[in-house]
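Structure first, commentary second.
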Amino acid sequence: MINNSTIGGESYGLNKPQRWLNKALNTLKQPNNLISMISIIVLVYLIALPLWEIFTTTFQMQYREAFKTGGTEGSFTLGYWKATLASPISRAMFYKPLFNSLSIGLSVSFFAILIGGVLAWLITRTDIPYKKFLSFILVVAYMVPSWCKALAWQVIFKNDRIGGYPGMFQSIFGISPPNWVSYGFFPIVVSLSLHYFVFSFLLISAALHSIGGDLEEMAEITGAKRWTILRRITFPLVLPAILSSFILTFSKSLGSFGAPAFLGLKVNYYTLSTMIYANIRNRMTTQAFTLGIVLMLVASLTVYFNQRAIGKRKSFTTIGGKSTRTNLIKLKKLKPVVTVAVILFVLIGVVLPLMTLVFQSVMLKPGTYSLDNFTLHFWVGNSNPAIAEGEAGIFNNPRIWAALINTLKLVFIVSFLATMVGLVLGYLVARGRKKPSGRFIEQISFTPMLIPAIALSTIYLSMFSKPQLFIPVLYGTFALLVIISVVKYLPFAVRSGTSSILQISTELEEAAKIEGSSWTRTFQKIILPLSKGSVFSAFLLIFISGMKELALIMLLVTPKTATLTTLTYAYTESGFVQFSNAITTLIIFIIISVNTIARKVGKADISKGIGG
């Protein structure tokens, strides 16, 4: 007879499989292990499995091609990759969009880092006035959607050769801007650079604050010239921050959809993201998948080489240690000139696009700048068959009200869920950094950061257009928008949660455990209250990102689940730019209002997580 006794966690009298089973059950009795296992299963299902599915789909013959060629649906084929990489349409469908995407990514990264770096240096290292106000207004640029500046550019520099009516510049000065100024590479780079410079500004500012001014001061005492100090000391010390700015800006601009769509499609200037969208609309879904995989590979390789570059510089940045002193450089005679230049930049880069959108939204006929052309119809007007095909103003339009409710419902639910999930996963990562499960959760939760939004949207479109295990078809449902948004924002939320948990001593949890408190109660009564500030900041950052989101959800919405951003794109495509501008203004108003309330009430600060 076998005696199944257990002493000190070890089972005696059991065979090997039974001992393994007992050991597994004992492991799962620990709340951390059980939650880790559930988290890994969910993350694999929502992140790793879709990636695998989209990859394998590109090697399987689809029904459409099988019907045309007489082949077998689902059989192995390299046809889609050959069509993408080596066919008569490869240049137009792949190589040219790839070249355009890389050109835009590199150019935007260069100019964004240049602008952000100079502004960061001026505000942290010099005696320029109004530093608090300038820091605040520059961060506001991040709250404005990147495609907002593209719309503003259209309003100002549009010419009458493309699209019919002239823009503000041509109407006032009588000079028609050349096509390369109105559409294509140049305006896309300018629009995105004026948006993404905020990453560089915040990251480089933080680096300059952390290294203090001791080294520069000592170099100045020993007779080094200002340019030498900047080149030999300041620049190398902030190089990791510059490289981090590069990866953030490059990956964001590489997958950007709004600005390339608004400023590129009218002149057939395609990037990979807009080509994916075009392929989806033309029912060439598998070809869109191949482009999505290429986009992910480019982003992943960029992150890999960037991390290697940062790793090599780590030893250099620790030479000086941390300092609390800051040696401000006096601008002397240049002070008024530099101050005016920075204020002009703020006016042109941040304020002017907003004012332009508001101005355009009260014009009955675009391109006609006379007093009798101004109207509030697009804001508060009732349906009039003579104007915009009978569309009522945004405050009297049931379609826009429905989109507003969808938007607010989506961003509040996503912000709450992503923040809470991020905090729990952050706990598992922080407390399990030496365990394989903790490292795996950290890596897989960061993966959505490498996937451009339009590519992730393509993956989910494929995955949830058919039943999956016990999950029904989710395409066209609100739930799918929530799931993909939570997944996309997990990198922000997990990073914020991990940072917060690392600041909480494990002694508090051990004391609660000795007193008999369960893991759930300890999390509610100790972890959550102590992480309140980080939770508010993460919630606010995700809320702002969600309000601006276009590329992630535009392939997945239906008329019933449309949001404000997707309506903006639809109105622009239909030529009703006044509605687009009015809705964009409304989005910006909501973002700034919520940010102001969150800062006052919850002491939230998006700059703590904007770079993540």
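The values are calculated or read from the model by the stated rules, or taken from the named source; none is laboratory data. For clarity, every value in this text was computed on a predicted model and none was experimentally measured. Don't worry about glycine lacking a Cβ; one is built from the backbone with ideal geometry, like all the others, and counts go over all protein chains shown. The accessibility values were calculated without ligands, DNA or RNA, using every heavy atom of the protein model including side chains. Shrake-Rupley method; radii C 1.70, N 1.55, O 1.52, S 1.80 Å.
Scanning region 22-67 for residues that are among the aromatic types (Phe, Trp, Tyr) and touching a residue at least 24 places away in the same chain (Cβ under 8 Å) turns up just one, Phe55.
Checking each residue in region 134-174 for being among the polar types (S, T, N, Q) and either over 27 Å from the mean Cα position of the chain (by Cα) or under 30 Å from Leu122 (Cα atoms) (or both) picks out Ser135, Ser146, Asn159, Gln170, Ser171. Residue-level check: of (1) more than 23 Å from Ile40 (Cβ to Cβ); (2) in contact with a helix residue (DSSP H, G or I) (Cβ under 8 Å, 6 or more places away or on another chain); (3) part of a helix (DSSP H, G or I), Ala551 misses just (3). When region 203-236 is filtered for residues that are in contact with a Gly (Cβ under 6 Å, 6 or more places away or on another chain) and modelled with pLDDT of 80 or more, the ones remaining, listed by number, are Leu203, Ile204. For region 322-342, indicate whether the set of residues that are at pLDDT 85 or above and under 28 Å from the mean Cα position of the chain (by Cα) is non-empty. Scanning region 322-342, I find at least one residue that is at pLDDT 85 or above and under 28 Å from the mean Cα position of the chain (by Cα), so the answer is yes. Out of the residues in region 504-519 meeting the condition of being without any contact (Cβ under 8 Å) to a residue 12 or more places away in the chain and on the phi < 0 side of the Ramachandran plot, tell me which one is least open to solvent (accessible area, probe 1.4 Å). The selected residue is Ser517.
For region 395-417, the set of residues classified as under 20 Å from Met554 (Cα atoms) and aliphatic (A, V, I, L, M) consists of Ile400, Ala402, Ala403, Leu404, Ile405, Leu408, Leu410, Val411, Ile413, Val414, listed by residue number. Identification of helices (runs of 4 or more DSSP H) wholly contained in region 210-306 with 2 or more residues that are of a type outside the set (Lys, Arg) and more than 23 Å from the chain's Cα centre (by Cα) yields 214-221, 226-229, 235-254.
Among the residues of region 159-191, those that are in a loop (DSSP other than H, G, I, E, B), open to solvent by less than 40 Å² (accessible area, probe 1.4 Å) and in contact (Cβ under 8 Å) with a residue 40 or more places away in the chain comprise Ile162, Pro166, Gly167, Tyr183, Gly184. Quick check: is even one residue across region 555-562 over 20 Å from the mean Cα position of the chain (by Cα), farther than 17 Å from Ala403 by Cβ and touching a residue at least 40 places away in the same chain (Cβ under 8 Å)? Checked against the condition, which is being over 20 Å from the mean Cα position of the chain (by Cα), farther than 17 Å from Ala403 by Cβ and touching a residue at least 40 places away in the same chain (Cβ under 8 Å), region 555-562 yields no hits at all. The requirement of being buried (at least 16 other Cβ atoms within 10 Å of the Cβ), touching an Asp or Glu at 6+ places or on another chain (Cβ under 6 Å) and modelled with pLDDT under 90 is not satisfied by Thr572. Considered as a group, the residues in region 81-101 that are in a helix (DSSP H, G or I) and aliphatic (A, V, I, L, M) include one that is surrounded by the most Cβ atoms within 10 Å (Cβ to Cβ), and that residue is Met93.
This table checks each residue for (1) open to solvent by 20 Å² or more (accessible area, probe 1.4 Å); (2) modelled with pLDDT under 85; (3) more than 19 Å from the chain's Cα centre (by Cα).
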| site | (1), (2), (3) |
| --- | --- |
| Leu502 | yes, yes, yes |
| Ile527 | no, no, yes |
| Ser537 | no, yes, no |
| Leu552 | no, no, no |
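Consider Thr522 carefully, then state whether it is open to solvent by less than 30 Å² (accessible area, probe 1.4 Å), free of Cβ contacts under 8 Å to residues at least 24 places away in the same chain and farther than 27 Å from Lys266 by Cβ. Yes, satisfied. Only one of the listed residues (Val487, Val473, Val482) is outside any helix (DSSP H, G or I) and within 30 Å of Leu295 (Cβ to Cβ). That residue is Val473. Taking Lys96, is it closer than 30 Å to Ile484 by Cβ and within 21 Å of the chain's Cα centre (by Cα)? No, not satisfied.
Restricting attention to region 338-379, the residues that are more than 21 Å from Phe136 (Cα to Cα) and hydrophobic (A, V, I, L, M, F, W, C) add up to 11. Just to be sure before I move on: is Leu194 modelled with pLDDT of 85 or more, open to solvent by less than 60 Å² (accessible area, probe 1.4 Å) and under 28 Å from the mean Cα position of the chain (by Cα) in the structure I sent? Taking the combined requirement at face value, the residue satisfies it. Among the residues here, Thr477 qualifies as open to solvent by 30 Å² or more (accessible area, probe 1.4 Å) and β-branched (Val, Ile, Thr). Taken over region 381-410, the residue count meeting the criterion of being farther than 15 Å from Gly575 by Cβ, exposed (fewer than 13 other Cβ atoms within 10 Å of the Cβ) and over 32 Å from the mean Cα position of the chain (by Cα) is 3. In region 446-460, the residues that are outside any helix (DSSP H, G or I) form Cβ pairs under 7 Å with partners that are polar (S, T, N, Q), at six or more places apart or across chains, as follows: Pro452/Ser273.
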